[in-house]
Amino acid sequence: MPQLLGLTGSPSLHSRTEVVADHVLRRLSHSGFETAHLAVRDLPAADLLSARRGEPEIRRALEAVAEADGIVIATPVYKASYTGLLKAFLDLLPQDGLAGKTVLPLVTGGSLAHVLAIDYALRPVLAALGAGHVTAGRFVLDSSVERGHGPDRLRPEAELDLFQAVDEFADAVRAAHPTALTATP
């Protein structure tokens with residue numbers, strides 16, 4: 001089965017972006033994929049900002065990207081783009097660091113004014129890193145993430161739209177890795 005990595009670029013511990021990414025990874029896991037989650041904020045800041053690729057945690061993070069067949073990249077919008085934290089990590093990848101990978105871009109933000117951040121900010125860097133196929137991403141309004149009263153959840157209409165993108169992503173990963181689906185353990 002193809003391996004999928006959720007890569008989140010929010011610096012916040014209580015991030016709506018993390019809630020969205022967790023929902024997506026749970027759905028993909030229930031669909032039979034092996035999933036892992038890498039929150040860039042958990043990497044050592046000094047190593048990340050100094051581009052110390054050889055340090056153990058940075059090296060493991062880069063290896064996780066290299067080994068993944070598909071990547072879900074989720075970020076909040078900061079200043080009309082993806083976060084600097086995510087940019088610092090993406091800058092550590094080799095020029096072809098996403099070659100052959102299917103990528104699902106997800107962006108969260110407080111206003112629909114930022115919906116184009118996927119296509120004008122995130123998609124170009126994914127293409128520059130050689131992503132094999134960048135599926136249709138989704139923008140999720142912060143107000144669609146309900147927090148604080150029981151488990152965090154998405155409003156039904158946002159969840160339905162998000163899961164449509166997730167299912168399209170899953171189909172694209174399966175199409176890109178048909179032999180992994182027929183292999184027996």
**Request:** Go over the candidates Gly32, Gly70 one by one and state the one that is modelled with pLDDT under 95 and either among the polar types (S, T, N, Q) or over 14 Å from Val107 (Cβ atoms) (or both).
**Result:** Gly32
**Complete:** Matching residues in the stretch 81-110 (more than 19 Å from Ala136 (Cα to Cα) and open to solvent by less than 60 Å² (accessible area, probe 1.4 Å)) number 10
**Fill in**
Turns out the helices (runs of 4 or more DSSP H) fully within the stretch 1-71 with at least 1 residues that are in contact with a Ser or Thr (Cβ under 9 Å, 6 or more places away or on another chain) and farther than 18 Å from Lys87 by Cβ are 16-30
**Complete:** Quick count over the stretch 8-37, residues being surrounded by 22 or more Cβ atoms within 10 Å (Cβ to Cβ) and touching a His at 6+ places or on another chain (Cβ under 8 Å), is 2
**Fill in**
Within the stretch 131-164, residues in a loop (DSSP other than H, G, I, E, B) and open to solvent by less than 30 Å² (accessible area, probe 1.4 Å) come out as Thr135, Gly137
**Message:** Return the pair list, or none, for Cβ contacts closer than 8 Å from residues in the stretch 156-168 that are in contact (Cβ under 8 Å) with a residue 40 or more places away in the chain to residues that are among the charged types (D, E, K, R) and open to solvent by 90 Å² or more (accessible area, probe 1.4 Å), at least 6 apart or on different chains.
**Reply:** Glu159/Arg153
**Asked** Across the stretch 118-129, what is the number of residues that are buried (at least 19 other Cβ atoms within 10 Å of the Cβ) and in contact with a strand residue (DSSP E or B) (Cβ under 7 Å, 6 or more places away or on another chain)?
**Response** 4
**Asked** Somewhere in the stretch 100-120, is a residue modelled with pLDDT under 95 and among the acidic types (Asp, Glu)?
**Response** yes
**Request:** Give the stretch 113-164 a look and list any residue that's among the β-branched types (Val, Ile, Thr) and farther than 15 Å from Ala21 by Cα, or say none.
**Result:** Val115, Ile118, Val125, Val134, Thr135
**Asked** If you check Val115, Val40, Val72, which single one turns out to be open to solvent by less than 10 Å² (accessible area, probe 1.4 Å), hydrophobic (A, V, I, L, M, F, W, C), within 30 Å of Pro156 (Cα to Cα) and without any contact (Cβ under 8 Å) to a residue 60 or more places away in the chain?
**Response** Val40
**Prompt:** Restricted to the stretch 122-146, and to residues that are within 18 Å of Val77 (Cβ to Cβ) and charged (D, E, K, R), which residue is farthest from the chain's Cα centre (by Cα)?
**Reply:** Asp142
**Request:** Could you tell me which numbered condition Asp47 fails, if it satisfies all but one of (1) over 28 Å from Ala172 (Cβ atoms); (2) of a type in the set (D, E, K, R); (3) open to solvent by 60 Å² or more (accessible area, probe 1.4 Å)?
**Result:** (3)
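The values are calculated or read from the model by the stated rules, or taken from the named source; none is laboratory data. Quick caveat: nothing in here was measured; it's all calculated off a predicted structure. For neighbour counting, all protein chains shown are included, and Cβ atoms are generated from backbone atoms with ideal geometry for every residue, glycine included. These accessible areas exclude ligands, DNA and RNA; they are computed on the full protein's heavy atoms, side chains included. Shrake-Rupley method; radii C 1.70, N 1.55, O 1.52, S 1.80 Å.
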